[in-house]
Amino acid sequence: MSELSRLSLAEIDGFLRQEFPQLITQGEIFSVTEIGAGTCRMRMAYHESQLRPGGTISGPAMMQLADVSIWVALLGAIGAVPLAVTTNLSINFLRKPEPRALTSTCRMMKIGKSLAVGEASLTSEGSDDVVAHAVATYAIPPQK
């Protein structure tokens, strides 16, 4: 990840624990492994609650990983702004992910004054094949 983030890994971890405690209701499933200015890599550990019939990771679990990781990439660029909120998320499910950890690799495509757009590619642990691709838009609150 090229440019330096406005937040360190420790700072983003503390921020997520304080502002988004829902991420750890089933244990330490989500972890940010890299953060840059508008980039992020996040891991979602496997948990049986993520499965859907057929033994694959569910769409809602993949959407959560994509949404949170793109949001973290945005925070890496703009700093700790908890009220930057998702206004749109579009996801394409490309392959059936096996029941194992997923990694999301994100980058912000555009960051404006009030809106930001980013994308995430999700892969299964141990594979480079993309299982889902998401694009999301976030509203950035006005600075006071």
Counted residues in segment 67-81 being touching a Leu at 6+ places or on another chain (Cβ under 9 Å) and either part of a loop (DSSP other than H, G, I, E, B) or small (G, A, S) (or both) come to 5
For segment 125-144, the count of residues that are assigned to a strand (DSSP E or B) and either in contact (Cβ under 8 Å) with a residue 60 or more places away in the chain or more than 15 Å from S104 (Cβ to Cβ) (or both) equals 7
* To do: Determine whether R6 is more than 14 Å from the chain's Cα centre (by Cα) and part of a helix (DSSP H, G or I).
  => no
Confirm whether I78 is closer than 15 Å to M108 by Cα and either surrounded by fewer than 17 Cβ atoms within 10 Å (Cβ to Cβ) or in contact (Cβ under 8 Å) with a residue 40 or more places away in the chain (or both). yes
Checklist entry - Out of curiosity, is M62 of a type in the set (A, V, I, L, M), part of a strand (DSSP E or B) and either in contact (Cβ under 8 Å) with a residue 12 or more places away in the chain or closer than 19 Å to G126 by Cα (or both)? => result no
Residues of segment 40-51 being at pLDDT 80 or above and among the charged types (D, E, K, R), in sequence order, are R41, R43
The lone condition K113 fails out of (1) assigned to a loop (DSSP other than H, G, I, E, B); (2) free of Cβ contacts under 8 Å to residues at least 24 places away in the same chain; (3) among the charged types (D, E, K, R) is (2)
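The values are calculated or read from the model by the stated rules, or taken from the named source; none is laboratory data. For clarity, every value in this text was computed on a predicted model and none was experimentally measured. Methodologically, a virtual Cβ is constructed for each residue, glycine included, from the backbone with ideal geometry; neighbour enumeration extends over all protein chains shown.
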